[in-house]
Amino acid sequence: MKFSLSAIIGAAISVAVFSPSVAQACERECQQNVSRAFADKYEILSNMYYTHLGDNIEKSVFWGVPQGSYSKAEGESSLVTLKTAVDEARKAWNTKIYTNVFDSIFKDEPKFKGDCNHPKRVIQPPLGVWWKPEDCHQMDYICGNPPSICHFMPMIKKRIRDKFIQMLQASVDGDESDVYANYIGPALDKVTTDHAKLAQFKPTLHANLNQILEGLRGTFFGFADDKTWERKWDDEIKAMLLTFP
């Protein structure tokens, strides 16, 4: 019996698409949505630290500066300038979160890519049918399908957390750091330029800001730890993840 080339190709496509025996990878749409789901949570946690930074500036930046040396309006205006800079730094940091999450999962070694069939641990569900939670338990080696990502979620979270702690600490470490050099430092220059009475106290303000940033740097060790990462977020991410083929 002879078969046409089109019939052979059609049969091959049907097997590749509909066969339940082949565990497919988390492809681009899956990768993007998983990374975005994680990134949204890390953005929530990051925002807390920038809020604390703004609050601590408001409380402590004028420490050591005689109250009578500047007016209430000058003090309020200075705080607006400095806290606006903090918010700009926050927005800039948030733009980095998604890419770093994506890279941590799908580019950093060991990356969640590659063949998931040798050895075969799970059976690919038909199109339109979601993976089951128990597939997460079964997929116990690193590869490219959703159950593998689900199984190793604690490892993935630690990998992302460690990377972000290092990045966040570096971002506030001294005058050359990103937050000071690009945001807080220029804001301080503006404050002492706009309010001449404060210019003579610039070294004091600078020292206070450095101390505030150093204090913040120490708190980053608690970033995304078990106390701040909500358990329900794991369930939300897993539920979304298992909807992808």
query: In straight Cα distance, which lysines are under 16 Å from K91, not counting same-chain residues fewer than 8 positions off?
result: K41, K83
query: Excluding I97 itself, what net charge comes from residues whose Cβ is under 13 Å from its Cβ, given Lys and Arg +1 and Asp and Glu -1?
result: +4
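For E29 and A92, what does the FRET efficiency come to when R0 = 30 Å and r is the distance between their Cβ atoms, rounded to the nearest 0.05? Don't skip to the end; give the middle numbers.
On the way: r = 27 Å, r/R0 = 0.91.
After rounding to 0.05, the efficiency reads 0.65.
Only sites in a loop by DSSP and with at most 16 other Cβ atoms within 10 Å count here; which chymotrypsin sites (Phe, Trp or Tyr not before Pro) in the stretch 78-153 make the cut?
Values: sites: W93, Y98, F102, F106, F112, W130, W131, Y141, F152; in loops: F112, W130, W131, Y141, F152.
Taking the stretch 78-153 and a limit of 16 other Cβ atoms within 10 Å, the loop chymotrypsin sites (Phe, Trp or Tyr not before Pro) found are W130, Y141.
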- prompt: What longest region of the chain stays clear of trypsin sites (Lys or Arg not before Pro) that DSSP places outside H, G, I, E and B and that have at most 16 other Cβ atoms within 10 Å?
  reply: 112-226
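Can you give the FRET efficiency to the nearest 0.05 for R231 and W63, using r as the Cβ-Cβ distance and R₀ = 45 Å?
So the FRET efficiency works out to roughly 0.70.
State the extension gain, in nm to one decimal, for the chain segment bounded by Q200 and E76, taking 0.36 nm per residue of separation less the distance between their alpha-carbons. Present the calculation step by step, with values, prior to reporting the outcome.
Numbers: separation 124, 0.36 × 124 = 44.64 nm, distance 1.80 nm.
The span from Q200 to E76 would gain 42.8 nm if fully extended.
Relative to the Cα centre, what is the charge dipole magnitude of the stretch 22-241, using +1 at the beta carbon of each Lys and Arg, -1 at the beta carbon of each Asp and Glu, and rounding to the nearest 20 debye? Mind showing how you got there, number by number?
On the way: 28 positive and 31 negative charges, 57 e Å.
Its charge dipole is roughly 280 debye.
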Difference of contour (0.36 nm per residue) and Cα-Cα distance, D108 to I123: 2.7 nm
query: M167 label point, 7 Å along Cα→Cβ, cut-off 14 Å on backbone N: hits in the stretch 60-102?
result: 90-102
field: Charge-dipole axis of the chain as Lys and Arg at +1 and Asp and Glu at -1 on Cβ define it, positive-most pick from F201, C143, S60
entry: C143
query: Relative contact order, percent, of the stretch 22-241 when contacts are C-alpha pairs under 8 Å separated by at least 6 residues?
result: 31
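Note down the Stokes-Einstein diffusion coefficient of the stretch 96-233 in µm²/s, whole number, using a Kirkwood radius over alpha carbon pairs, 25 °C, and 0.890 mPa s. Each step should come with its number before you reach the end.
Working: Rh = 18.5 Å.
So the translational diffusion coefficient is about 132 µm²/s.
Subtract the Cα-Cα distance of N47 and T99 from 0.36 nm times their separation in residues, and report this length gain in nm to one decimal. Let's see the in-between values first.
On the way: separation 52, 0.36 × 52 = 18.72 nm, distance 1.72 nm.
Gain on extension, N47 to T99, equals 17.0 nm.
Every number in this text was worked out from the coordinates using simple rules, so none of it is lab data. Keep in mind that what you see is a predicted model, and the values were worked out from it rather than measured. Counting neighbours? That spans all protein chains shown, and the Cβs are built from the backbone with ideal geometry, glycine included.
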